[in-house]
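*Asks:* Okay, handing you the structure first.
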4 protein chains.
Amino acid sequence: MSAISLKGIFPPIPTPFINGEVAHEQLTENIQKWCKTGISGIVVFGSNGEYPYLSVEEKLKTIDTAVKAVDGSLPIIVGSGCESTKGSIELTNQCAALGASAALMVTPFYYKGGMTSDAMNHHFTNVAGQSKIPVILYNVTKFTGINLSAKLVGELSSHQNIIGIKDSSGNVSQLGEYLNAADKNFEVMVGTAGALFGALALGCSGGVLAAANVAPEICVEIYKLVQTADFKTAQKLQRRILSLNTALTATYGVPGLKAALDMLGYFGGEPRLPLLPLAEKECREIKQILIDADLL
Amino acid sequence: MSAISLKGIFPPIPTPFINGEVAHEQLTENIQKWCKTGISGIVVFGSNGEYPYLSVEEKLKTIDTAVKAVDGSLPIIVGSGCESTKGSIELTNQCAALGASAALMVTPFYYKGGMTSDAMNHHFTNVAGQSKIPVILYNVTKFTGINLSAKLVGELSSHQNIIGIKDSSGNVSQLGEYLNAADKNFEVMVGTAGALFGALALGCSGGVLAAANVAPEICVEIYKLVQTADFKTAQKLQRRILSLNTALTATYGVPGLKAALDMLGYFGGEPRLPLLPLAEKECREIKQILIDADLL
Amino acid sequence: MSAISLKGIFPPIPTPFINGEVAHEQLTENIQKWCKTGISGIVVFGSNGEYPYLSVEEKLKTIDTAVKAVDGSLPIIVGSGCESTKGSIELTNQCAALGASAALMVTPFYYKGGMTSDAMNHHFTNVAGQSKIPVILYNVTKFTGINLSAKLVGELSSHQNIIGIKDSSGNVSQLGEYLNAADKNFEVMVGTAGALFGALALGCSGGVLAAANVAPEICVEIYKLVQTADFKTAQKLQRRILSLNTALTATYGVPGLKAALDMLGYFGGEPRLPLLPLAEKECREIKQILIDADLL
Amino acid sequence: MSAISLKGIFPPIPTPFINGEVAHEQLTENIQKWCKTGISGIVVFGSNGEYPYLSVEEKLKTIDTAVKAVDGSLPIIVGSGCESTKGSIELTNQCAALGASAALMVTPFYYKGGMTSDAMNHHFTNVAGQSKIPVILYNVTKFTGINLSAKLVGELSSHQNIIGIKDSSGNVSQLGEYLNAADKNFEVMVGTAGALFGALALGCSGGVLAAANVAPEICVEIYKLVQTADFKTAQKLQRRILSLNTALTATYGVPGLKAALDMLGYFGGEPRLPLLPLAEKECREIKQILIDADLL
């Protein structure tokens, strides 16, 4: 198993579409741009990747493109979690065969009542046991309605093929409890840019951040400033990206992220239906937010 | 387009597994038993069908089995809703080609913030416009976190290929508002047995009920009693199945439903992982509930 | 202890204010009008009574006015539940001394985590044991975030001074489970007009309904139609008041109720701050809803 | 208007009871102990003060005791927010007359639907305009179900008598957005110890923390370490108090806090009913947590 470090900043990239089909060329160009920003790796099929909207075939072809685009320079982490244990294992190993370095494994969530700690433990242990690449737990309560407890994360952290967690709750207290509960080599990544500085100061290893698509250099800079203990500048940068982060996540989501990318020289494009593209008025708000954050 | 009536009782059947694979023979036998209970049709891949756990190929093969099992005697309604508009249309028409009579179309829900009335309207109109079989809206807030407003349902009800809604909220007030807002030929089905009598008394056309798997005759009887205005007996039967319904839905979900079927001479079997089968103690509770409801 | 029947319709009346002070004369006139509509009693300080906005002194003076206004013709039920057990007992017995016939006892709810079944059982048993008038449990999840289980209601129903429950969940399945779990003489009242017909058909004894302030005759008529088993007409009336009920509860709340009363010849007036009166546009919507329901 | 600084650590103290009555002597002794720990002031009737369980008379007498106990050495902040605007103003000014230095003003929340931004703006502006002491907004979503937006906080921050906010959401991103939106002199206090370090690093002025009752010295130390930019030690202390904080808030609440105080030489005692004291097993867990945090 090849080692992968979870230190630093990882953008969970959107999947570009043209006329409703994955735009592989544009994806390649985007990835090549991000590769020059100081990031530590790329996450394909995080929630910003519209993964629930792609077929298995589309997912595999997209991973193939991404792996070729980084060309060994950076690791590709793939969001290959499915609702079923069986499906999660199959998709993960197909992606591993294509060159993905690690799997981001979302908590199953449709049958909320059935997703007990016991069921979760069973699921993640099974997946990790059969996955050919390391597994990163993915806790994203706002989409799933499920929250992984520090106790369970502590237990799972002792599995040799479960190397970390991405937590998008924005709750630094929970991030700290994960750190306290987990084994030494297990790494905790913050999943929302609004808590980046606070999370890093607490000991998290890095971030998987929607905002890192749009402002990768600022996110990388915050990471470095915490390493060098320049907290005053880190505070300033953190507060500069707050509104940006809220717009890209809580307010406008994936369509907002794509609109911002279009303004910044990346290819954003339209989301897949049923997600609608932003209205013109909303695009103007995004533009203003980018201007306010000195990105435009 | 063949007409399908939404009057009466429709069990949303579970998908049986043996060693983690769909058990087609057992499915056929189960369906043949249900066909003799007075029900009006069968729903494959409602939430009780563990549909998020099956691949597209498995879904199609299962629909094929179900269509052959009813052998024209009853309609098969298929839960073919996916997160994406494109995926929903494709799967629906594949199922139509196999002989499904109508499509139960769950609200997309992963990107909750993006699922505005506008996006929903667009999605259902697109799907219905391209679907070769009639579409039934599916509102199941407890799993999706999304609720269809009476206003939107009223608008969608005028589409000639959207013939009804299944609402599992258990909120009779909302069922009544759907009825008030909708076009004449649009039918409203209650999606939880606990509200069956109240919903039928209010004018709903029928029910798609987890409890109808286990107690189809009682559900059909309640339906008939409301038709013949024997409300006193209906009340008695309704109150008899309440605890049963709670156990099969809120408390134990699909694993509970499967355990109950095993006790009643159907094939239930184990759910697919990550859902865990019931513990022995829980099975004993299910048994007691079946005894209390005079089903065992 | 004087017996009080919970059969029939009980409006939970609003508290009228003029210049921010309780308007006792207008309250008396309102009550005298309601007394002529066929209702079975009046609830003062249900949620529509803005009870959290009144001081203890104001509450006592208001109860005194209400008791005098009915002049023995109808019972006054008082919402005298407080967050603390001690406060609930004191206020209840002060109201009893002024002539209130029963106490509507809301679940305490500020410390949600502490309001276990055990704590609730203790609380209601203590209050009922020391109250000089019968106690009616009050379950109003949308305001409190707390829900009383059927199991707990079943246990409390055996207390001789706990005579019933008002449940505003709108969940007929839960109403039925309360009926199944409770002692024979314990009565279950539905707390939202949208579920009135369904609840009565299931065996509930009556309703405490915001809509009964505005349309008492229709609510009373639905009650009578269920008694005489005329379900067809009941269905029609029930569906006629649905939008009205939604407007008075979910959409506009107490300010909407007061605006509607002003249009119907009662004294509504303004709510107490921080509740704001309706804007003009909202008043026009209320008016249209009253017209649509043939009340104007 | 006397100036009050919101810099540093403020314990929101519990109200001690003996036989269900406020224990003034024990309260005085507790306060005198806390005064020696380096804290910046004391909050009486925060959520940990069981304020919803006290009558107005009890509240006033308790404030009087607290003001006398600090004897001018530290400011007393009083939680004098009520559901009504009128009640909030009256209670605040009564407390001001007794010597309270500022008022912590919880968002009204019973009528959630009515608590629009407009209503909130009106409420807080009215209260602040008539209050004789400075007002601090209090956002405590877990108890109220209401969240103050950064936009509204920004608007209210320009009122000369609204000097800050206590936010208990634990969401550092929101704390940062408050800081970004607010006027220069407006101070943002974090309301949960789990986010203390992250909040201070971001620019918050201090904390009002349940954990500061039990571990005031550690909280004060974290505050000082951030002032002197010793982030490494701050991180260590922050992670040391995380489990303690979770136990005192999410898991055991006020009864847990009181049990811990009893173990640490303060007077904790029993909560008021309906809150139940901890069971023995739970006390043992609290004890272990205190031992793990090196407090016992």
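*Asks:* Could you figure out which of (1) outside any loop (DSSP other than H, G, I, E, B); (2) away from chain A (no Cβ under 14 Å) isn't true of residue D:177?
*Replies:* (2)
*Asks:* Related question: So in segment A:130-152, with the set limited to residues that are more than 18 Å from the chain's Cα centre (by Cα) and buried (at least 17 other Cβ atoms within 10 Å of the Cβ), which one is nearest to residue A:107 (Cα to Cα)?
*Replies:* Step one: filter segment A:130-152 for residues more than 18 Å from the chain's Cα centre (by Cα), giving A:130-132, A:149-152.
Applying the additional criterion that residues be buried (at least 17 other Cβ atoms within 10 Å of the Cβ) yields A:131, A:150, A:152.
Details: A:131: 16, A:150: 14, A:152: 12 Å.
That would be A:152.
*Asks:* Could you please find all residues in segment D:67-109 being among the polar types (S, T, N, Q), surrounded by fewer than 20 Cβ atoms within 10 Å (Cβ to Cβ) and away from chain C (no Cβ under 14 Å)? Steps first, answer last, please.
*Replies:* The initial filter retains those residues of segment D:67-109 that are among the polar types (S, T, N, Q), namely D:73, D:80, D:84-85, D:88, D:92-94, D:101, D:107.
Imposing the further condition that a residue be surrounded by fewer than 20 Cβ atoms within 10 Å (Cβ to Cβ) reduces the set to D:73, D:93-94.
Residues satisfying the conditions are D:73, D:93.
*Asks:* What residue, of A:221, A:280, is under 26 Å from residue B:109 (Cα atoms) and either away from chain B (no Cβ under 14 Å) or touching a residue at least 12 places away in the same chain (Cβ under 8 Å) (or both)?
*Replies:* A:280
*Asks:* Which of the residues that make up segment C:267-277 are in contact (Cβ under 8 Å) with a residue 60 or more places away in the chain, more than 8 Å from chain D (Cβ to nearest Cβ) and more than 22 Å from residue C:168 (Cβ to Cβ)?
*Replies:* Answer for segment C:267-277, where residues must be in contact (Cβ under 8 Å) with a residue 60 or more places away in the chain, more than 8 Å from chain D (Cβ to nearest Cβ) and more than 22 Å from residue C:168 (Cβ to Cβ): C:267, C:269, C:270.
*Asks:* Kindly provide the set of residues from segment C:268-278 that are closer than 10 Å to residue C:256 by Cα and out of contact with any Pro (no Cβ under 9 Å at 6 or more places or on another chain), ordered by number.
*Replies:* Within segment C:268-278, no residue meets the criteria.
*Asks:* Determine if segment B:109-129 includes at least one residue that is touching a residue at least 40 places away in the same chain (Cβ under 8 Å), farther than 14 Å from residue A:276 by Cβ and outside any helix (DSSP H, G or I).
*Replies:* Looking for residues that are touching a residue at least 40 places away in the same chain (Cβ under 8 Å), farther than 14 Å from residue A:276 by Cβ and outside any helix (DSSP H, G or I), one finds none in segment B:109-129, hence no.
*Asks:* Continuing with this model, one more query. Restricting attention to segment A:208-218, does a residue exist that is in a helix (DSSP H, G or I), within 12 Å of another protein chain (Cβ to nearest Cβ) and in contact with a strand residue (DSSP E or B) (Cβ under 7 Å, 6 or more places away or on another chain)?
*Replies:* So far as segment A:208-218 goes, no, none of its residues is in a helix (DSSP H, G or I), within 12 Å of another protein chain (Cβ to nearest Cβ) and in contact with a strand residue (DSSP E or B) (Cβ under 7 Å, 6 or more places away or on another chain).
*Asks:* Taking segment B:283-294 on its own, how many of its residues are aliphatic (A, V, I, L, M) and free of Cβ contacts under 8 Å to residues at least 12 places away in the same chain?
*Replies:* 1
*Asks:* Has segment B:180-194 got at least one residue that is at positive phi, surrounded by 21 or more Cβ atoms within 10 Å (Cβ to Cβ) and more than 14 Å from chain C (Cβ to nearest Cβ)?
*Replies:* Scanning segment B:180-194 turns up no residue that is at positive phi, surrounded by 21 or more Cβ atoms within 10 Å (Cβ to Cβ) and more than 14 Å from chain C (Cβ to nearest Cβ).
*Asks:* Just checking, how many residues over segment A:154-183 are modelled with pLDDT under 95 and among the charged types (D, E, K, R)?
*Replies:* Of the residues in segment A:154-183, 0 are modelled with pLDDT under 95 and among the charged types (D, E, K, R).
*Asks:* Out of B:166, B:112, B:132, I need the residue that is basic (Lys, Arg), away from every other protein chain (no Cβ under 13 Å) and closer than 21 Å to residue B:86 by Cβ. Which one?
*Replies:* So the residue among B:166, B:112, B:132 that is basic (Lys, Arg), away from every other protein chain (no Cβ under 13 Å) and closer than 21 Å to residue B:86 by Cβ is B:132.
Each row is one residue, and each column tells you yes or no for (1) touching a helix residue (DSSP H, G or I) at 6+ places or on another chain (Cβ under 7 Å); (2) among the aromatic types (Phe, Trp, Tyr).
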| site | (1), (2) |
| --- | --- |
| A:4 | no, no |
| A:7 | no, no |
| A:14 | yes, no |
| A:17 | no, yes |
| A:44 | yes, no |
| A:63 | yes, no |
| A:73 | no, no |
| A:81 | yes, no |
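*Asks:* Six or more apart or on different chains, Cβ atoms under 7 Å: show the pairs whose first residue is in segment B:87-106 and touching a residue at least 12 places away in the same chain (Cβ under 8 Å) and whose second is aromatic (Phe, Trp, Tyr) and in a helix (DSSP H, G or I).
*Replies:* Short answer, once both residue conditions are applied: B:105/B:124.
*Asks:* Is it true that some residue in segment A:242-254 is more than 22 Å from residue A:143 (Cα to Cα) and either more than 9 Å from chain D (Cβ to nearest Cβ) or at pLDDT 95 or above (or both)?
*Replies:* The answer is no; no qualifying residue exists.
*Asks:* Can you list residue pairs whose Cβ atoms sit under 8 Å apart, with the first residue in segment A:53-65 being under 14 Å from residue B:84 (Cβ atoms) and within 14 Å of chain B (Cβ to nearest Cβ) and the second being of a type in the set (Phe, Trp, Tyr) and in a helix (DSSP H, G or I)? Count only pairs 6 or more apart in sequence or on different chains.
*Replies:* A:59/A:51
*Asks:* Checking residue B:104 against (1) under 24 Å from residue B:254 (Cβ atoms); (2) in a loop (DSSP other than H, G, I, E, B); (3) not hydroxyl-bearing (Ser, Thr, Tyr): exactly one of these is not met. Which one?
*Replies:* Of the numbered conditions (1) under 24 Å from residue B:254 (Cβ atoms); (2) in a loop (DSSP other than H, G, I, E, B); (3) not hydroxyl-bearing (Ser, Thr, Tyr), the odd one out for residue B:104 is (2).
*Asks:* Right, here's the next one. Kindly indicate the residue of segment C:220-238 that is more than 21 Å from the chain's Cα centre (by Cα) and among the charged types (D, E, K, R) and also surrounded by the fewest Cβ atoms within 10 Å (Cβ to Cβ) among those meeting that condition.
*Replies:* Result: C:232.
*Asks:* Mind listing whichever residues of segment D:192-214 are over 23 Å from residue A:245 (Cα atoms) and not polar (S, T, N, Q)?
*Replies:* Matches in segment D:192-214: D:193, D:206, D:207, D:208, D:209, D:210, D:211, D:212, D:214.
*Asks:* Something else now. State the number of residues belonging to segment A:180-207 that are within 18 Å of residue A:253 (Cα to Cα) and in a helix (DSSP H, G or I).
*Replies:* Qualifying residue count for the region: 3.
*Asks:* Do you know which of the residues in segment A:135-163 that are assigned to a loop (DSSP other than H, G, I, E, B) and of a type in the set (A, V, I, L, M) is farthest from the other protein chains (Cβ to nearest Cβ)?
*Replies:* It comes out as A:148.
*Asks:* Next question, about the same structure. Tell me which residues, restricted to segment B:239-254, are free of Cβ contacts under 8 Å to residues at least 24 places away in the same chain and surrounded by fewer than 21 Cβ atoms within 10 Å (Cβ to Cβ).
*Replies:* B:239, B:250, B:251
*Asks:* If you don't mind, another one. Taking residue A:169 as meeting all but one of (1) farther than 16 Å from residue A:239 by Cβ; (2) in contact (Cβ under 8 Å) with a residue 60 or more places away in the chain, write down the number of the exception.
*Replies:* The one condition residue A:169 does not meet is (2).
*Asks:* Restrict the check to segment B:255-266 and report whether at least one residue is surrounded by fewer than 19 Cβ atoms within 10 Å (Cβ to Cβ), more than 30 Å from residue C:246 (Cβ to Cβ), among the charged types (D, E, K, R) and within 11 Å of chain C (Cβ to nearest Cβ). Give the derivation first.
*Replies:* Here is the first cut: in segment B:255-266, the residues surrounded by fewer than 19 Cβ atoms within 10 Å (Cβ to Cβ) are B:262-265.
Narrowing the set further to residues that are more than 30 Å from residue C:246 (Cβ to Cβ) leaves B:262-265.
Going one step further and asking which of them are among the charged types (D, E, K, R), we end up with B:262.
If we keep only those that are within 11 Å of chain C (Cβ to nearest Cβ) too, we end up with none.
No, every residue in segment B:255-266 fails to be surrounded by fewer than 19 Cβ atoms within 10 Å (Cβ to Cβ), more than 30 Å from residue C:246 (Cβ to Cβ), among the charged types (D, E, K, R) and within 11 Å of chain C (Cβ to nearest Cβ).
*Asks:* Consider residue B:133 carefully, then state whether it is touching a Leu at 6+ places or on another chain (Cβ under 8 Å) and farther than 23 Å from residue C:235 by Cα.
*Replies:* no
*Asks:* Condition first: among the aliphatic types (A, V, I, L, M) and within 29 Å of residue C:162 (Cα to Cα). Now tell me which residues in segment C:1-45 satisfy that. Don't jump to the end; show me each part of the working.
*Replies:* Applying the first criterion (among the aliphatic types (A, V, I, L, M)) to segment C:1-45 yields C:1, C:3-4, C:6, C:9, C:13, C:18, C:22-23, C:27, C:31, C:39, C:42-44.
Result: C:1, C:3, C:4, C:6, C:9, C:13, C:27, C:31, C:39, C:42, C:43, C:44.
*Asks:* Going through segment A:136-152 one residue at a time, which ones are touching a strand residue (DSSP E or B) at 6+ places or on another chain (Cβ under 6 Å) and over 18 Å from residue A:78 (Cα atoms)?
*Replies:* Result: A:148, single match.
The values are calculated or read from the model by the stated rules, or taken from the named source; none is laboratory data. Remember, it's a predicted structure, so these values are computed and weren't measured experimentally. No Cβ is skipped: glycine too gets one built from the backbone with ideal geometry, and neighbour counts run over all protein chains shown.
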